[in-house]
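K.L.:
The structure's right below; bear with me while I get my questions together.
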Amino acid sequence: MLLERPSDDTLYAALLARDAAYDGLAYVAVRTTGIFCRLTCPARKPKRAHVLFFETPAECLAAGFRPCLRCKPLSTGREPEPAVSALIELLEREPERRWSERDLVKRGYDPSTVRRQFKRRFGISFLELARLRRLGHAAETLTAGTRIIEAQLDAGYESGSGFRAAITRLFGAAPKQLRTRDLLKADWIETPIGPMLAIADRLALHLLEFADRPALPAEIRRLQEQTRSAIAIGRCAPIDQISNELAGYFAGKRTHFETRLALHGTPFQRSVWDRLRALASGQTLSYGALARELGRPAAIRAIAQANGANSIAIVIPCHRIIGADGSLTGYGGGLWRKRWLLRHEQQMHEGEAPDGTDRESPPLCQPA
């Protein structure tokens, strides 16, 4: 019973009250504007007869509704709670610290509250994130040439076997082997259509994918095999750069990306990806047309496979490839995202805001 969606009347009352307890449990779609919102949206409230309620943003999009620009219902990245921000800052300052619930209590935090807040934002608890940061810091020191015993003690492990087991489980290599490997950094980037995972070294971006893509774990394993690298949670310059560029793209202010890419593919796959990157924002191309442009008119299946092998979403715009009849074809991030991205780029090309309104008009749930 606790998992059942409340009645539409209950949800409408929550919408009028902007009740945060219902935020994310359902979404309201407004027939008169074609826009859908969070129940906590600050925009003017529509009449009861004009609204529909859906359980997920994907259902709203599938029904033809557009996301509101004020409450950003597709975003999972609401501003973090003060405790989350403060503790993340402490983690960045002391990545090697071995945190415990007692440390949280000493700083005035309730461990169960902190656990819920971090689970909601990152999918893991604060203590789990701190452990990953600590092991990531240890991996960095190992790849820089630090002795294993020093890295072990810095990471807070008294037991050598425990340290070896933790490193091997997380990075797929024992500490001794890790010293001969490069280290990649991975971090989340929030976007209006869901969080993305970025993986990079200090020079280039290796992977950028939506975090809920089913094939993502296999892509990460393949990347590790191709680069013989370990992956630790953390940030580096290419991740900061692509994060800023994506913010400009989703704000409708940027149509190209300058972050350096590390491409892992065959010469043919790279030729496909290069052509995709040359395709202007707001334009689309069919598999057959792309095959002809590359001088391989019979290679439609190979083109499709190269498209599917792309692991740097949006920047290498495989979403711009459509069927010969103009229909949307498969997309690893989900067809609803493909539809959203194409519409967003078309509106940028036409000088419109992403919700279909003029850029200078404030988005509202219901017109005046």
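The values are calculated or read from the model by the stated rules, or taken from the named source; none is laboratory data. Since the model is a prediction, treat every value here as computed from it, not as a measurement. Note that each Cβ is placed from the backbone with ideal geometry, even for glycine, and that neighbours are counted across all protein chains shown.
K.L.:
Regarding the range 3-17, can at least one residue be identified that is modelled with pLDDT of 90 or more and in contact with an Asp or Glu (Cβ under 7 Å, 6 or more places away or on another chain)?
P.N.:
no
K.L.:
What is the residue count in the range 327-348 for residues that are in a loop (DSSP other than H, G, I, E, B) and within 22 Å of Phe65 (Cβ to Cβ)? Spell out how you get there, then give the answer.
P.N.:
Of all residues in the range 327-348, those in a loop (DSSP other than H, G, I, E, B) come to 327-334.
Now restrict to residues that are within 22 Å of Phe65 (Cβ to Cβ): 327-328, 331, 333-334.
Selection size over the range 327-348: 5.
K.L.:
Test Ile242 against the stated conditions and say whether it is β-branched (Val, Ile, Thr), at pLDDT below 85 and within 24 Å of Pro57 (Cβ to Cβ).
P.N.:
Taking the combined requirement at face value, the residue does not satisfy it.
K.L.:
Anything in the range 322-336 that is among the aliphatic types (A, V, I, L, M) and out of contact with any Ser or Thr (no Cβ under 7 Å at 6 or more places or on another chain)? List them, or say none.
P.N.:
Matches in the range 322-336: Leu328, Leu335.
K.L.:
Could you look through the range 12-25, keep only residues that are closer than 20 Å to Phe65 by Cβ and assigned to a helix (DSSP H, G or I), and pick out the one that is nearest to the chain's Cα centre (by Cα)?
P.N.:
Restricting attention to the range 12-25, the residues satisfying the condition of being closer than 20 Å to Phe65 by Cβ are 12, 14-16, 18, 22-25.
Filter once more, so that each one left must be assigned to a helix (DSSP H, G or I): 12, 14-16, 22.
Values: Tyr12: 30, Ala14: 29, Leu15: 27, Leu16: 31, Tyr22: 23 Å.
Only one residue tops the list, namely Tyr22.
For (1) of a type in the set (Lys, Arg); (2) outside the structural domain of Ala313 (by TED's automatic domain parsing); (3) surrounded by fewer than 21 Cβ atoms within 10 Å (Cβ to Cβ), each residue gets a yes or a no:
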site: Ala198; (1), (2), (3): no, no, no
site: Asp201; (1), (2), (3): no, no, yes
site: Ala204; (1), (2), (3): no, no, yes
site: Leu208; (1), (2), (3): no, no, no
site: Arg213; (1), (2), (3): yes, no, yes
site: Glu219; (1), (2), (3): no, no, yes
site: Leu223; (1), (2), (3): no, no, yes
site: Arg228; (1), (2), (3): yes, no, yes
site: Ala232; (1), (2), (3): no, no, no
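Every residue, every condition in (1) in the same structural domain as Thr227 (by TED's automatic domain parsing); (2) surrounded by 16 or more Cβ atoms within 10 Å (Cβ to Cβ); (3) out of contact with any Asp or Glu (no Cβ under 8 Å at 6 or more places or on another chain), yes or no:
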| site | (1), (2), (3) |
| --- | --- |
| Arg277 | yes, no, yes |
| Ala306 | yes, yes, yes |
| Ala309 | yes, yes, yes |
| Ala313 | yes, yes, no |
| His319 | yes, yes, yes |
| Gly326 | yes, no, yes |
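K.L.:
Moving on to the next point. Assess whether Pro238 counts as being outside the structural domain of Leu132 (by TED's automatic domain parsing), without any contact (Cβ under 8 Å) to a residue 60 or more places away in the chain and surrounded by 17 or more Cβ atoms within 10 Å (Cβ to Cβ).
P.N.:
yes
K.L.:
Right, another one. For the range 277-327, how many residues meet the condition of being at pLDDT 90 or above and touching a Cys at 6+ places or on another chain (Cβ under 6 Å)?
P.N.:
Result for the range 277-327: 1.
K.L.:
Name, by its number, the condition in (1) farther than 20 Å from Glu219 by Cβ; (2) out of contact with any helix residue (DSSP H, G or I) (no Cβ under 9 Å at 6 or more places or on another chain); (3) of a type in the set (S, T, N, Q); (4) touching a residue at least 24 places away in the same chain (Cβ under 8 Å) that does not hold for Asn244.
P.N.:
So the condition that Asn244 fails would be (4).
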